[in-house]
Amino acid sequence: MGQISAIFIARSGSIWSDRQQVSSIDMLAYCGSRLLDLGCDQVELPLIAHMLVSISQWDVDLIEVFFASGTKSLYKPHDVLKDYATQRGWTDAKRVSLDKSWHQGVMDCFDGVESCHAAWHNAAGDKSKVDRMLWRAQAAVLLPKIEMHRMALAPLICKKMRFPYIKGEYKFNDVNDVEIGNLAYFASDTRHMAAGPIVDFVRKLREVRNDLAHLKVLEEHRATDRELLLPYDLTRR
């Protein structure tokens, strides 16, 4: 696992000393190194690393369980978390006080905040909190990519528009003010752009952005869409 693993005091599911020093930056470095060693696709690596860290937090053992199960299991992690909770003896999560269970690795300080283990949430039946962890990772990686696509596509889609643009409910001082939803609307109007790959792509971006905005976790095939993860080829028209 290389020198990066030296930042971890013990691989027991919880860091017993230097607790305040364990952060998402440490864990991202660890996951990135491990994923490279495992030959992970480098285009997908940032997304996978963020999802691993978001759901595993400080727990190196859980990260390794996901590696053993295959990173595809991150998109449907509940069975993995259920088995992990059973191994840790967290089967009575609904009835045991967190105050009495911190020493079992249920809680730890991560990024300076006391946090509860994903497997504990899962065992307690609170799967929505697990989903929120995954959503947070996907949003952190994918929303900036959508924004970069928007900035690249807006001048193409809006090239026939004059700014400032004021028409009905639409008021834009500059082409950079046109959000992805508006771009999809303008792209669907043949006065602005003929049907083709760019129109299809901006609609896809709108759908992904809308789902993330509504706290939905994307399925694997949508989250790892290479057209989304890579810079868009503007020669495709």
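Could you check Ser33 against (1) open to solvent by 30 Å² or more (accessible area, probe 1.4 Å); (2) modelled with pLDDT under 95; (3) in contact with a Gly (Cβ under 9 Å, 6 or more places away or on another chain); (4) of a type outside the set (Phe, Trp, Tyr) and say which number it fails?
Of the numbered conditions (1) open to solvent by 30 Å² or more (accessible area, probe 1.4 Å); (2) modelled with pLDDT under 95; (3) in contact with a Gly (Cβ under 9 Å, 6 or more places away or on another chain); (4) of a type outside the set (Phe, Trp, Tyr), the odd one out for Ser33 is (1).
Determine whether Tyr170 is touching a His at 6+ places or on another chain (Cβ under 6 Å) and open to solvent by 20 Å² or more (accessible area, probe 1.4 Å).
Spelling it out, it is not the case that Tyr170 is touching a His at 6+ places or on another chain (Cβ under 6 Å) and open to solvent by 20 Å² or more (accessible area, probe 1.4 Å).
Just wondering, is there one or more residues in region 39-60 that are closer than 16 Å to Asp131 by Cβ, free of Cβ contacts under 8 Å to residues at least 60 places away in the same chain, open to solvent by 10 Å² or more (accessible area, probe 1.4 Å) and not in a helix (DSSP H, G or I)?
Checked against the condition, which is being closer than 16 Å to Asp131 by Cβ, free of Cβ contacts under 8 Å to residues at least 60 places away in the same chain, open to solvent by 10 Å² or more (accessible area, probe 1.4 Å) and not in a helix (DSSP H, G or I), region 39-60 yields no hits at all.
Report, by residue number, each residue of region 109-129 that is crowded, with 20+ Cβ neighbours inside 10 Å and within 19 Å of Leu28 (Cα to Cα).
Phe110, His117, Ala118
Restricted to region 65-79, and to residues that are without any contact (Cβ under 8 Å) to a residue 12 or more places away in the chain and open to solvent by less than 70 Å² (accessible area, probe 1.4 Å), which residue is farthest from Gly39 (Cα to Cα)?
Per the stated criteria, the residue is Ser73.
Does region 86-103 contain at least one residue that is at pLDDT below 90, of a type in the set (Val, Ile, Thr), out of contact with any strand residue (DSSP E or B) (no Cβ under 6 Å at 6 or more places or on another chain) and closer than 30 Å to Leu234 by Cβ? Break it down into steps so the answer makes sense when it comes.
Step one: of region 86-103, the residues at pLDDT below 90 are 88-103.
Next cut, of a type in the set (Val, Ile, Thr) only: 91, 96.
Next cut, out of contact with any strand residue (DSSP E or B) (no Cβ under 6 Å at 6 or more places or on another chain) only: 91, 96.
If we keep only those that are closer than 30 Å to Leu234 by Cβ too, we end up with none.
Checking region 86-103: not a single residue is at pLDDT below 90, of a type in the set (Val, Ile, Thr), out of contact with any strand residue (DSSP E or B) (no Cβ under 6 Å at 6 or more places or on another chain) and closer than 30 Å to Leu234 by Cβ.
The values are calculated or read from the model by the stated rules, or taken from the named source; none is laboratory data. Please read all numbers here as calculations on a predicted model, not as lab measurements. No Cβ is skipped: glycine too gets one built from the backbone with ideal geometry, and neighbour counts run over all protein chains shown. Accessible surface areas use protein heavy atoms only, side chains included; no ligands, DNA or RNA. Shrake-Rupley method; radii C 1.70, N 1.55, O 1.52, S 1.80 Å.
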